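First the structure, in the form of structure tokens, and then the observations on it.
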Amino acid sequence: MKRFLPAIIVFLILLTAQLHVAAAELVQLPLKSEAAALIDSDTGAVLYVKNPNQKMYPASLTKIATAIYAIEKGNLDSMVTVSSNAVRQDGTRVYLNEGEQLPLKQLIQGMLINSGNDAAVAIAEYTDGTVQQFAENLNTYLKTRIGVTHTHFTNPNGLFDANHYTTAMDMALITNYAIKNPVFAEIFGTKILPWKGQSWQTNLVTHHKMLKGEIAFPGITGGKTGYTSETKQTLATTADNGKIRLTAVVLKSNLKNDKYNDTGVLLDYGFKNFQHSTIKQGEIFTADHKDFSPEKDTLITERIEGCKKNVASNGLLSIQDAKGQLVQTVQLTYKEPPKPKAATKKKGEKHHENRSQLLLQINVVLGMMVILIALTIAVRKKRSTEYKHTS
């Protein structure tokens, strides 16, 4: 059973994600982006999706994956030497020079804040030697660490490649995983940063219009933009209204403003319709005469108007809205029923039992004595009779 436990856990996670997606698709929001996903950043509940598993091209949202992978694998203080390959990258750059040395963290900042394609390649080559090896290792990392299922990257920066793709759901999962890291979250939420390089000294300003306040929306905590002519507009955004935190991803908007408008619609929907509550550790849910409970206090997402909780015979708890639509699922733990204790006997009962056992033993001894006496008498009578006859 232990051999199959990891596979069973992965199956339950994937099943739960599919249940979330199926429920989220029941709502229709007026989005112009071709694909979208909205996740509760804390519970992972999928609150809204549009074409969540459709193969899409992420453009520079790829750099979210590159950043968290490099942060977890590398040493942020290590000095990275920039190669000629990094310097030759097309598109947005931080204008690195060949042979220039910068700390890994500064390169990650230049990649996320200013979307530097040259910085992304320098990071990849530092991390795994070559871009090709980096891509192979990154894909393995995304599948095994984060659990994505429809993503394949061929480079660290998102420059177009037909084999470089993801989905709105996978990109939301990657972003949501990354923001749990405090270093990533700090850089992801940076609006302006002084930059000192050999050939370029400036202030890097985030390209994300909602993050820097160019498009007003309260509570934006981080973001990354993306664009290529083939990919169109892409955007990843995180926000916090003080009650609930959200992660939103939109892919393939034709116009730049469309991706911001769609993101605003998603965040408004999440903030207005959902809230958090807690299932306590000792709370019991019963199905088929079996009791289940969470192993610890568990945060859940529910609709503001309330929710219904239904547990299945396998302990999977479904959080549903008033209309019966699924919001979230939580795997509960089966509670073994207490084993019956051996009945303890009262003092009087024990005394009575001991006395009965003693009387039984006495009766056995007396019975044996009676039999012995009877046998002795019988033997004596026989001998007496034999004696008379011989006389």
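The values are calculated or read from the model by the stated rules, or taken from the named source; none is laboratory data. All of these numbers come straight from a predicted model, not from anything done at the bench. Cβ coordinates were reconstructed from backbone atoms using ideal geometry, including for glycine residues, and neighbour counts include every protein chain displayed. The area values use the complete protein model at the heavy-atom level, side chains included, leaving out ligands, DNA and RNA. Shrake-Rupley method; radii C 1.70, N 1.55, O 1.52, S 1.80 Å.
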Note to self: When the residues of segment 111-138 are narrowed to those that are touching a strand residue (DSSP E or B) at 6+ places or on another chain (Cβ under 6 Å) and open to solvent by 10 Å² or more (accessible area, probe 1.4 Å), which ends up farthest from Asn176 (Cα to Cα)?
What the structure shows: Tyr126
Item checked: Residue selected from segment 169-205 under the condition part of a strand (DSSP E or B) and out of contact with any helix residue (DSSP H, G or I) (no Cβ under 7 Å at 6 or more places or on another chain), by the criterion farthest from Asn97 (Cα to Cα) -> Ile192
Check: Got a sec? Which of Lys323, Lys259, Lys272 is out of contact with any Asp or Glu (no Cβ under 7 Å at 6 or more places or on another chain), assigned to a helix (DSSP H, G or I), open to solvent by 80 Å² or more (accessible area, probe 1.4 Å) and under 30 Å from Asn53 (Cβ atoms)?
Finding: Lys272
Margin query: Residue pairs, Cβ under 6 Å, 6 or more apart or interchain, first in segment 137-148 and under 20 Å from Ile123 (Cβ atoms) and touching a residue at least 60 places away in the same chain (Cβ under 8 Å), second open to solvent by less than 20 Å² (accessible area, probe 1.4 Å) and part of a helix (DSSP H, G or I). List them.
Written below: Leu138/Tyr69; Tyr141/Tyr69
Notebook entry, point to check: Which one is farthest from Ser60 (Cα to Cα) among residues in segment 234-280 that are touching a residue at least 60 places away in the same chain (Cβ under 8 Å) and among the polar types (S, T, N, Q)?
Noted result: Asn273
Notebook entry, point to check: Restricting segment 152-169 to residues that are free of Cβ contacts under 8 Å to residues at least 40 places away in the same chain and closer than 18 Å to Ile68 by Cα, which is most open to solvent (accessible area, probe 1.4 Å)?
Noted result: His152
Next item on the list: Any chance you could count how many residues in segment 250-268 are hydroxyl-bearing (Ser, Thr, Tyr) and in contact with a strand residue (DSSP E or B) (Cβ under 6 Å, 6 or more places away or on another chain)?
Entry: 2
Next item on the list: Within segment 307-318, identify whether any single residue is open to solvent by less than 100 Å² (accessible area, probe 1.4 Å), modelled with pLDDT of 75 or more and on the phi > 0 side of the Ramachandran plot, and answer yes or no.
Entry: yes
Next item on the list: For segment 74-83, enumerate the residues that are open to solvent by 20 Å² or more (accessible area, probe 1.4 Å) and either among the polar types (S, T, N, Q) or free of Cβ contacts under 8 Å to residues at least 60 places away in the same chain (or both).
Entry: Gly74, Asn75, Asp77, Ser78, Met79, Thr81, Ser83
Margin query: Can you report the number of residues in segment 275-286 which are under 30 Å from Asn53 (Cβ atoms) and aliphatic (A, V, I, L, M)?
Written below: 1
Next item on the list: Could you tell me whether segment 208-227 includes any residue that is over 25 Å from Leu102 (Cβ atoms), touching a residue at least 60 places away in the same chain (Cβ under 8 Å) and not in a loop (DSSP other than H, G, I, E, B)?
Entry: yes
Next item on the list: Please state which of the following conditions Gly226 fails to meet, knowing it meets all the rest: (1) buried (at least 20 other Cβ atoms within 10 Å of the Cβ); (2) out of contact with any Pro (no Cβ under 8 Å at 6 or more places or on another chain); (3) not aromatic (Phe, Trp, Tyr).
Entry: (2)
Check: Could you count how many residues in segment 275-306 are part of a strand (DSSP E or B), open to solvent by 40 Å² or more (accessible area, probe 1.4 Å) and under 27 Å from Leu246 (Cβ atoms)?
Finding: 4
Next item on the list: Take Thr190 and decide whether it is of a type in the set (S, T, N, Q), in contact with a Ser or Thr (Cβ under 8 Å, 6 or more places away or on another chain), more than 24 Å from Pro52 (Cβ to Cβ) and touching a residue at least 60 places away in the same chain (Cβ under 8 Å).
Entry: yes
Check: Based on what the data block shows, is Ala322 at pLDDT below 90 and of a type in the set (Gly, Ala, Ser)?
Finding: yes
Note to self: Can you list residue pairs whose Cβ atoms sit under 6 Å apart, with the first residue in segment 84-103 being under 20 Å from Tyr227 (Cβ atoms) and the second being acidic (Asp, Glu) and open to solvent by less than 40 Å² (accessible area, probe 1.4 Å)? Count only pairs 6 or more apart in sequence or on different chains.
What the structure shows: Gln89/Asp118; Arg93/Asp118
Note to self: Is it the case, given these coordinates, that Pro52 is over 24 Å from Phe153 (Cα atoms) and either of a type in the set (Asp, Glu) or modelled with pLDDT of 60 or more (or both)?
What the structure shows: no
Notebook entry, point to check: Among the residues of segment 289-306, how many are free of Cβ contacts under 8 Å to residues at least 24 places away in the same chain and either in contact with a strand residue (DSSP E or B) (Cβ under 8 Å, 6 or more places away or on another chain) or of a type in the set (Lys, Arg) (or both)?
Noted result: 2
Next item on the list: For segment 157-185, enumerate the residues that are farther than 24 Å from Gly264 by Cβ and over 18 Å from the mean Cα position of the chain (by Cα).
Entry: Asn157, Leu159, Phe160, Asp161, Ala162, Asn163, His164, Tyr165, Val183
